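Engineer: Sending over a structure as structure tokens; questions will come in a sec.
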Amino acid sequence: MTHPEFKEKAITLLQNCRNRGIEMRPNEGLRSPFVQAKYWRQSRATEEIRKAIKELTNKGATFLAHCLDSVGPQHGDPVTNALPGLSWHQWGESLDCFWVVNGKAVWDLEKKVNGQNGFRVYAEEAKKLGLNAGLFWTSFQDAPHVQLRKANSPSKVHTIAEIDQAMRERFGG
């Protein structure tokens with residue numbers, strides 16, 4: 001369910017990084033709205049979660065509200081500001097990678113090997129391909145993330161009703 005244009009660019013991106021001596025390894029591409037809900041919930045208070053469920057329901061996004069409600073309590077560091085359906089991961093148009101150095105995953109934005117930081121190279125190469133690199137975002141920097149679209153959210157392209165329907169069709173039962 002990966003968008004064909006994005007898949008082609010992602011493969012080229014990873015090869016271009018390798019050509020510069022950087023191995024970036026895919027960590028997560030397509031993500032269901034249920035997984036997105038877990039990531040969103042894990043750093044939110046119960047009040048925030050209830051409010052989001054109510055707002056989604058009031059806007060007619062009952063499937064997205066169900067995704068958020070059904071995953072139950074989650075705990076952990078903040079991962080995303082995007083509610084279920086509102087990340088390009090659910091659309092098959094984004095990818096998260098980690099940097100591999102000497103067979104180990106590296107998440108450090110400061111570390112350099114041979115004068116290069118893997119996430120910096122990854123973002124530079126993504127930009128050359130016309131991809132939107134999370135390292136260059138100003139409000140919520142997300143170095144492992146690249147996406148096809150310039151729009152930061154599907155809600156900038158689709159109505160919440162369209163998003164709810166698309167997610168129900170792709171991931172519903």
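Engineer: Any residue at all in region 69-77 that is more than 19 Å from PRO154 (Cα to Cα) and among the β-branched types (Val, Ile, Thr)? Break it down into steps so the answer makes sense when it comes.
Structural biologist: First pass over region 69-77, keeping only residues more than 19 Å from PRO154 (Cα to Cα): 69-77.
Now narrow it down to the ones that are among the β-branched types (Val, Ile, Thr): 71.
Yes, region 69-77 contains at least one residue that is more than 19 Å from PRO154 (Cα to Cα) and among the β-branched types (Val, Ile, Thr).
Engineer: Checking LEU86 against (1) touching a residue at least 24 places away in the same chain (Cβ under 8 Å); (2) more than 17 Å from GLU169 (Cβ to Cβ), only one condition comes out false. Which one?
Structural biologist: Here LEU86 meets the rest and fails (2).
Engineer: Here's a follow-up. Taking CYS17 and the conditions (1) under 18 Å from the mean Cα position of the chain (by Cα); (2) surrounded by 15 or more Cβ atoms within 10 Å (Cβ to Cβ); (3) not aromatic (Phe, Trp, Tyr), which numbered condition does it fall short on, given that it satisfies the others?
Structural biologist: (1)
Engineer: A further question follows. With the condition kept exactly as written, say whether any residue in region 75-86 is at pLDDT below 95 and over 18 Å from the mean Cα position of the chain (by Cα).
Structural biologist: Yes, the conditions are met somewhere in region 75-86.
Engineer: Are there any pairs with C-beta distances below 9 angstrom linking a residue in region 118-147 that is among the acidic types (Asp, Glu) and surrounded by fewer than 21 Cβ atoms within 10 Å (Cβ to Cβ) to a residue that is modelled with pLDDT of 95 or more and part of a helix (DSSP H, G or I), with the two at least 6 apart or on different chains, and if so which?
Structural biologist: Sorted first by the residue in region 118-147, then by its partner, the pairs are GLU124/LEU135; ASP142/GLY134; ASP142/LEU135.
Engineer: Hey, another quick one. Check GLY85, GLY92 and return the single one that is among the small types (Gly, Ala, Ser) and in contact with a His (Cβ under 6 Å, 6 or more places away or on another chain). Even if it seems obvious, please write down each step before you answer.
Structural biologist: Details: GLY85 fails: in contact with a His (Cβ under 6 Å, 6 or more places away or on another chain).
On inspection, the qualifying residue turns out to be GLY92.
Engineer: Still on this model: Does ALA161 satisfy the condition of being touching a Leu at 6+ places or on another chain (Cβ under 6 Å), over 22 Å from ILE11 (Cβ atoms) and not in a loop (DSSP other than H, G, I, E, B)? It would help to see each step written out before you state the result.
Structural biologist: Values: touching a Leu at 6+ places or on another chain (Cβ under 6 Å): no; over 22 Å from ILE11 (Cβ atoms): yes; not in a loop (DSSP other than H, G, I, E, B): yes.
So ALA161 does not fit the description; no.
Engineer: Among the residues of region 91-136, how many are touching a Pro at 6+ places or on another chain (Cβ under 8 Å) and over 20 Å from VAL79 (Cα atoms)?
Structural biologist: The qualifying residues number 0.
Engineer: On to the next question. Considering each residue of region 59-80, count those that are surrounded by fewer than 15 Cβ atoms within 10 Å (Cβ to Cβ) and either under 21 Å from HIS145 (Cβ atoms) or free of Cβ contacts under 8 Å to residues at least 60 places away in the same chain (or both), and give that number.
Structural biologist: The number of residues fulfilling the criteria is 7.
Engineer: Another one. Filtering region 20-58 down to residues that are touching a residue at least 60 places away in the same chain (Cβ under 8 Å) and touching a helix residue (DSSP H, G or I) at 6+ places or on another chain (Cβ under 6 Å), which residue is surrounded by the most Cβ atoms within 10 Å (Cβ to Cβ)? Can you show your working first?
Structural biologist: Restricting attention to region 20-58, the residues satisfying the condition of being touching a residue at least 60 places away in the same chain (Cβ under 8 Å) are 20-30, 32-34, 56.
From what's left, touching a helix residue (DSSP H, G or I) at 6+ places or on another chain (Cβ under 6 Å): 20, 22, 24, 32-34, 56.
Values: ARG20: 13, ILE22: 22, MET24: 24, SER32: 15, PRO33: 29, PHE34: 16, LEU56: 25.
Restricting to residues being touching a residue at least 60 places away in the same chain (Cβ under 8 Å) and touching a helix residue (DSSP H, G or I) at 6+ places or on another chain (Cβ under 6 Å), the top hit is PRO33.
Engineer: Considering every residue within region 147-155, establish whether at least one is part of a helix (DSSP H, G or I) and either of a type outside the set (A, V, I, L, M, F, W, C) or closer than 15 Å to PRO33 by Cα (or both). Walk me through how you get there before you give the answer.
Structural biologist: The initial filter retains those residues of region 147-155 that are part of a helix (DSSP H, G or I), namely 154-155.
Narrowing the set further to residues that are either of a type outside the set (A, V, I, L, M, F, W, C) or closer than 15 Å to PRO33 by Cα (or both) leaves 154-155.
Yes, because at least one residue in region 147-155 is part of a helix (DSSP H, G or I) and either of a type outside the set (A, V, I, L, M, F, W, C) or closer than 15 Å to PRO33 by Cα (or both).
Engineer: So ALA143 clears everything in (1) part of a loop (DSSP other than H, G, I, E, B); (2) over 30 Å from THR62 (Cα atoms); (3) over 13 Å from the mean Cα position of the chain (by Cα) except one condition, right? Which one?
Structural biologist: Of (1) part of a loop (DSSP other than H, G, I, E, B); (2) over 30 Å from THR62 (Cα atoms); (3) over 13 Å from the mean Cα position of the chain (by Cα), only one is false for ALA143: (3).
The values are calculated or read from the model by the stated rules, or taken from the named source; none is laboratory data. Because the structure is a prediction, the values reported are computed rather than measured. No Cβ is skipped: glycine too gets one built from the backbone with ideal geometry, and neighbour counts run over all protein chains shown.
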